[in-house]
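Contents: one structure, followed by commentary.
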Amino acid sequence: MKAFMQRTTWITWVTFLEAIRQRFFAFLIVLGGAMVLSSVAFRFMDFGHGELKFVADFGFGGMFLFGSVLGVVMTAQLFFSEIDNRTALTLLAKPVSRAEFLLGKFFGTWLVLAIFVFVLSGLLGAVLWSRSIELNELAEKMGRLAPEFSPGGLVAFALLQWLRLGVVIAIVLTIASGARTFLYAVVVGALAVVAGQLQWIAQDVLLKPEGSVWYRGVLWVTSRLLPNLEQFNIGDALVLDPTSVPANAVVQVAISGLIYMVAFLMLGTALFRRREI
Amino acid sequence: MRSLYFGILTAVFWVLAGTYSEISWRTVRPCIPEIGRRDIEPTLGQGVLLGILGGMRTVIADGTWVRSYVLWERKDRPGCETLMRTACALDPRSRYFWENTGYVMGYDMAHWEVRRRGGYAKVPADVQEHLYRSYARRALEVLDQGVVNTGGNAALLIAAGQLAEMKLKDQLLSARYYRSATESRNAPWYAPYFCARNLWEAGQREESYRWYRKIWEEKLSKSEDGAPDDLKNLREMEQALHLPIIQRIPRPAWEK
């Protein structure tokens, strides 16, 4: 077990170093950061929401969009660069199992995405905090209700986003394990993420007692095959209205994300074991 | 054999993941605003999908609203209505979108339609009236949806009451909206009076007085100034109803 952990950690570290040096990562983190910081300048486009909600939504959007792009493209790129450069062949000729290789790739990429998510969350937190102080002062002067901002909620949301991206990486690695080309893995991976993001529609219909048995059967299977990625998007409530979030919601979503990750990684390992390199 | 065990374990995890996700989704569902899928279908290809997929729902809703303004200036009824409804569907908890969509549909669109058919001089008065009423009814449907989605926002109820009174000329319906507005949080000071006035003018004079008096005694009289304007209105009603002194509201010390 110790040797398994050591080898996985080693591959994780190498993958992490390789990923963090990529220009693509630097480009997207700068773009995401610029988007978060510039959100205050776009306030004039806001209609009838609280200002903090608008700024937070801008930041969450950046994290979701760029994080998903990074998760899909970088994972596939890191996986296929090992295959195409034949380094995987050399690596797997040593006493390294395919599960260790896949897990190393997963954790390496996930670590990079942790940096992405927490840097953007830090920036967003700073913007929201500074604006909430100004708005609180204004509200006090005008005798209005001050807007609420929960830093703890932002941390919880960042953790959930990181977990969501973990599920995305696991999906893409599973697809890449069976795919022949980088392009196929990216396209199918992106479609799987979109489908996962829309999976809640099937779950919502299932919660209501309507539709034929066949229809509900198809929905049941769909909701079992695809992960529900929408459940991670409770940022608005967590950050701006934390009292509206049930106490166990974050823990339940986190557990759900972890189970999905394990399920996808197991499937990915099974596929990768059968793959000829 | 090892592969078989691994396969079984994977399948077990898969079923577990799906089942547990259903439980967690039930827990977080109330935190995520409901989205009107039918309303956004016509605009799915115009960047709206991004809004549905994850964050940015507010931002995309704002962008959609700006675009709807462009169409409003062009008096493009179908385009404007579609985009406004899309903004409402994307951010259903925003009072602003529902209220303004209701106003535009109820007050502007019927006039656009009259102009499109040749203008006020050409379109017969009864057709014009029919148009005003049908658009007002559609606007009320939007406002009703907004009331549900915003948890009974008083401003939306007031807008609906106004529309029912001015365009549908249905004072009982208008009174119903003003009554709901009176019972909601942050009810404006004039809501009880408007409700009572509409009931009064619709012929339900005793009912109007009883309700208005009850509200004044239970709520308005406890405000800082004791709501003297409302009391004055109630005195006028008592006069009109010829109520004996004993049945009238006892005179507070501060009443002139």
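Miscellaneous remarks
- Sole exception among (1) closer than 30 Å to A:Arg7 by Cβ; (2) part of a helix (DSSP H, G or I) for A:Pro95, by number: (2)
- Filtered residue count, the stretch A:241-258, keeping only those that are part of a loop (DSSP other than H, G, I, E, B) and more than 9 Å from chain B (Cβ to nearest Cβ): 1
- The set of residues in the stretch A:174-205 being touching a Ser or Thr at 6+ places or on another chain (Cβ under 6 Å) and not polar (S, T, N, Q) consists of A:Val193, A:Ala202.
- Residue match in the stretch B:98-116 (condition: more than 22 Å from B:Lys167 (Cβ to Cβ), assigned to a helix (DSSP H, G or I) and at pLDDT 80 or above): no
- Failed item, numbered, when A:Met74 is tested on (1) under 25 Å from A:Ala126 (Cβ atoms); (2) surrounded by 21 or more Cβ atoms within 10 Å (Cβ to Cβ); (3) free of Cβ contacts under 8 Å to residues at least 60 places away in the same chain: (1)
- Here the condition is being away from chain B (no Cβ under 14 Å) and surrounded by 22 or more Cβ atoms within 10 Å (Cβ to Cβ); of A:Gly104, A:Gly67, it holds for A:Gly104 alone.
- Scan of the stretch B:81-97 for residues that are in a helix (DSSP H, G or I) and under 15 Å from B:Ala155 (Cα atoms), ordered by number: B:Arg95, B:Tyr96, B:Phe97
- Count of the stretch B:106-149 residues, restricted to those that are within 16 Å of B:Arg185 (Cα to Cα) and surrounded by 21 or more Cβ atoms within 10 Å (Cβ to Cβ), is 3.
- Top-ranked residue of the stretch A:85-115 - restricted to ones that are farther than 20 Å from A:Thr174 by Cβ and not polar (S, T, N, Q), ranked as nearest to the chain's Cα centre (by Cα): A:Ala114
- Residue match in the stretch A:14-33 (condition: surrounded by fewer than 16 Cβ atoms within 10 Å (Cβ to Cβ), modelled with pLDDT under 95 and of a type in the set (Asp, Glu)): no
- Spans of helices (runs of 4 or more DSSP H) in the stretch B:1-77 with at least 2 residues within 7 Å of chain A (Cβ to nearest Cβ) and modelled with pLDDT of 85 or more: B:2-28, B:57-73
- Evaluation of A:Ala34 against (1) touching a helix residue (DSSP H, G or I) at 6+ places or on another chain (Cβ under 8 Å); (2) free of Cβ contacts under 8 Å to residues at least 40 places away in the same chain; (3) assigned to a helix (DSSP H, G or I) (one fails), failing number: (1)
- Summed over the stretch B:210-234, residues that are outside any helix (DSSP H, G or I), surrounded by 14 or more Cβ atoms within 10 Å (Cβ to Cβ) and out of contact with any helix residue (DSSP H, G or I) (no Cβ under 6 Å at 6 or more places or on another chain) total 2.
- Enumeration of residues in the stretch A:222-240 that are at pLDDT 85 or above and either more than 9 Å from every other protein chain (Cβ to nearest Cβ) or part of a loop (DSSP other than H, G, I, E, B) (or both): A:Leu226, A:Pro227, A:Asn228, A:Leu229, A:Asn233, A:Ile234, A:Val239, A:Leu240
- Residue match in the stretch A:37-51 (condition: more than 14 Å from chain B (Cβ to nearest Cβ) and surrounded by fewer than 22 Cβ atoms within 10 Å (Cβ to Cβ)): yes
The values are calculated or read from the model by the stated rules, or taken from the named source; none is laboratory data. From a predicted model like this one, the values you see are computed outputs, not experimental measurements. Don't worry about glycine lacking a Cβ; one is built from the backbone with ideal geometry, like all the others, and counts go over all protein chains shown.
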